[in-house]
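Visitor: Pasting in a structure now, in structure tokens, and then I'll have a few things to ask.
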Amino acid sequence: MSVESCDFNRYCNDAVRQLLLRGNWWSTVQPVTGCVRDRVVTWPRGVSTILAMDVCDRSTVMVNRWYQFMQPDAWHRKAASEYARNGWYGRMHTESRNTACVFNPIKSEGFVIRTFITQPTDAGKTITYFGIDVNGQPIITARADGTIQEGVEVTLTKPYVDTPMAIRHVTRVKKQETDGDVIAYQYSVAGNFMLDLGRYQATELNPEYITTVVSGGSHQNAGCLANVNALVSMAFVPFKFDDDLVQIDSEDAIRDMFLAVRKKEQGDISASLAYETSALRELNYQMRHRFPDEQFVVNFRPFGNQSLENPNIRIGMI
């Protein structure tokens with residue numbers, strides 16, 4: 001099979017996607033640094049789950065949607081009183097909320113959406129914005145044949161294209177596959193300035209990003225900026241071009257999983273399971289050799305007559 005063929009790229013993507021679902025591996029758990037405004041963090045594409053998070057070098061309690069319906073227990077009441085004595089109003093929590101299709105939500109007054117392309121070959125392709133207009137009504141537009149459609153579809157052109165109306169809130173984005181990134185801004189006609197809205201990669205068709213809401217702490221006021229450090233597990237992002245990121249960094253594991261996918265399509269389930277087992281074994285070997293508790297220290301003499309002295313080997317943490 002040629003590496004230039006569409007099937008090769010499809011098999012590689014399927015292999016990486018399935019390996020990501022089998023566990024957290026060395027390259028699929030990554031640190032992320034950013035900032036939070038108005039208490040909300042919109043995480044970039046490729047972030048699946050927030051494992052741990054610090055805000056302004058303070059650890060936070062990770063909670064989910066069920067937390068807001070639970071009664072506070074004795075531990076939380078005690079923590080709140082301790083933080084209040086130290087000048088903090090309650091313990092800081094980070095709660096996973098709904099997904100978003102933009103990084104910077106539009107303010108209530110509404111803005112025109114100005115969309116730029118980064119590759120000239122994307123001219124003529126379309127992107128559709130769904131949401132609420134400045135009158136508080138769902139966006140409805142007419143097609144060329146006179147029929148009605150939800151949202152407003154714009155045809156990408158060089159260097160940019162504007163929506164024909166101002167938009168107050170974007171609820172969904174539908175985009176054709178492109179050759180380069182598509183960058184969207186909020187444009188103020190009256191003030192003649194632009195604000196960030198979103199940046200969509202070539203393979204993004206229905207952009208959707210997880211969001212986290214930060215609550216608690218006296219410095220989490222609306223409009224302020226705060227530093228965020230998080231440890232996250234990565235979600236699968238398909239690769240299309242030669243310089244795209246491949247999220248599994250073991251060629252041996254990808255090769256074995258590639259063969260597992262092909263064998264499964266051919267109906268050879270036993271061979272597929274054998275190749276999959278081999279792929280997971282390769283990733284486990286990789287994890288074992290990279291974690292500190294599986295490493296050892298060897299002391300040697302860099303100068304003198306002897307090249308190596310009796311090694312002082314210590315098994316455990318370095």
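Visitor: What residue, among those in segment 179-200 that are among the small types (Gly, Ala, Ser) and part of a strand (DSSP E or B), is nearest to the chain's Cα centre (by Cα)?
Guide: Looking at residues that are among the small types (Gly, Ala, Ser) and part of a strand (DSSP E or B), I get Gly198.
Visitor: Return yes or no: is Thr203 under 25 Å from Ser96 (Cβ atoms), at pLDDT below 95 and in a loop (DSSP other than H, G, I, E, B)?
Guide: yes
Visitor: Also: Looking at Ala253, Ala274, Ala222, which is the one that is under 25 Å from the mean Cα position of the chain (by Cα), aliphatic (A, V, I, L, M) and modelled with pLDDT of 90 or more? Walk me through it before giving the result.
Guide: Numbers: Ala274 fails: under 25 Å from the mean Cα position of the chain (by Cα); Ala222 fails: modelled with pLDDT of 90 or more.
None of the others qualify; the one that does is Ala253.
Visitor: Filter segment 131-171 down to residues that are touching a Gly at 6+ places or on another chain (Cβ under 8 Å) and either closer than 17 Å to Tyr187 by Cα or of a type in the set (S, T, N, Q) (or both), then give me how many there are.
Guide: Adding up the residues that qualify gives 13.
Visitor: With at pLDDT below 90 and either outside the structural domain of Arg45 (by TED's automatic domain parsing) or of a type in the set (A, V, I, L, M) (or both) as the only criterion, which of Val246, Val261 stands out?
Guide: Only one candidate passes the filter, namely Val246.
Visitor: Still on this structure, please answer the following. Taking segment 252-289 as the region of interest, how many residues are among the polar types (S, T, N, Q), in contact with a helix residue (DSSP H, G or I) (Cβ under 8 Å, 6 or more places away or on another chain) and within 17 Å of Asp14 (Cβ to Cβ)?
Guide: Matching residues across segment 252-289 total 2.
Visitor: Go through segment 91-146 and give me each residue that's under 26 Å from Asn229 (Cα atoms) and in a loop (DSSP other than H, G, I, E, B). Quick ask: steps written out before the conclusion?
Guide: Going through segment 91-146, the residues under 26 Å from Asn229 (Cα atoms) turn out to be 91-106.
Selection gives Arg91, Met92, Cys101, Val102, Phe103, Asn104, Pro105, Ile106.
The values are calculated or read from the model by the stated rules, or taken from the named source; none is laboratory data. Please read all numbers here as calculations on a predicted model, not as lab measurements. All Cβ positions, even for glycine, are placed from backbone atoms using ideal geometry, and neighbour counts span all protein chains on display.
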